[in-house]
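The next block holds one structure in the form of structure tokens; read it before the comments.
The values are calculated or read from the model by the stated rules, or taken from the named source; none is laboratory data. Note that the coordinates shown come from a computational prediction; the quantities given were computed from them, not determined experimentally. Cβ atoms come from the backbone with ideal geometry, glycine included; neighbour counts cover every protein chain shown. Just the protein is used for accessible areas: all its heavy atoms, side chains included, with ligands, DNA and RNA removed. Shrake-Rupley method; radii C 1.70, N 1.55, O 1.52, S 1.80 Å.
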Amino acid sequence: QVQLVESGGGLVQPGGSLRLSCAASASLRSINVMGWYRQAPGKQRELVAIATRYGSTNSADSVKGRFTISRDNAKNTVYLQMNSLKPEDTAVYYCYASPSIAEDTPYKYWGQGTQVTVSS
């Protein structure tokens, strides 16, 4: 019922920047939390950054000061501005949405993922 479509991934050099976008098919008024997870080869999927429709945000320690999440409720879109990219940021990035802030909520929606590769 809720579909998420990511864009903006690609190949970038270390120290470069990318901006990911995720558009939701449903109104963000029904989606309290929206954000980004990532999964590198051989590793578990991990939280990158999330934002509520009320304006609060949270991000992983590994990306603080480098990544910024923002949300445009009118456009049903969430963004992830990634600066000072490092090779360890290489992963598939997944858009995430949920009506609940609880981590154990069964109501979770995922995008198909977009590949981010940081390499010289």
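Structure values in brief
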item: Residue within segment 60-67 that is touching a helix residue (DSSP H, G or I) at 6+ places or on another chain (Cβ under 7 Å), over 26 Å from Tyr107 (Cα atoms) and not polar (S, T, N, Q) present; result: no
item: Unique match (being touching a residue at least 40 places away in the same chain (Cβ under 8 Å) and in contact with a Leu (Cβ under 9 Å, 6 or more places away or on another chain)) among Ala40, Ala23; result: Ala23
item: Top-ranked residue in segment 91-112 [being in contact with a strand residue (DSSP E or B) (Cβ under 8 Å, 6 or more places away or on another chain), part of a loop (DSSP other than H, G, I, E, B) and open to solvent by 40 Å² or more (accessible area, probe 1.4 Å); ranked as modelled with the lowest pLDDT]; result: Ile101
item: Matching option when the condition is on the phi > 0 side of the Ramachandran plot and in contact with a Leu (Cβ under 9 Å, 6 or more places away or on another chain), among Gly65, Gly15; result: Gly15
item: Residue check for Ser27: open to solvent by less than 50 Å² (accessible area, probe 1.4 Å), of a type in the set (Ser, Thr, Tyr) and at pLDDT 95 or above; result: no
item: Subset of segment 68-89 [open to solvent by 40 Å² or more (accessible area, probe 1.4 Å) and β-branched (Val, Ile, Thr)]; result: Thr68
item: Number of positions in segment 35-67 that are over 10 Å from the mean Cα position of the chain (by Cα) and either open to solvent by 50 Å² or more (accessible area, probe 1.4 Å) or of a type in the set (Asp, Glu) (or both); result: 17
item: Single residue of segment 1-22 satisfying the filter (in a strand (DSSP E or B) and open to solvent by 50 Å² or more (accessible area, probe 1.4 Å)) that is nearest to Ala91 (Cα to Cα); result: Leu11
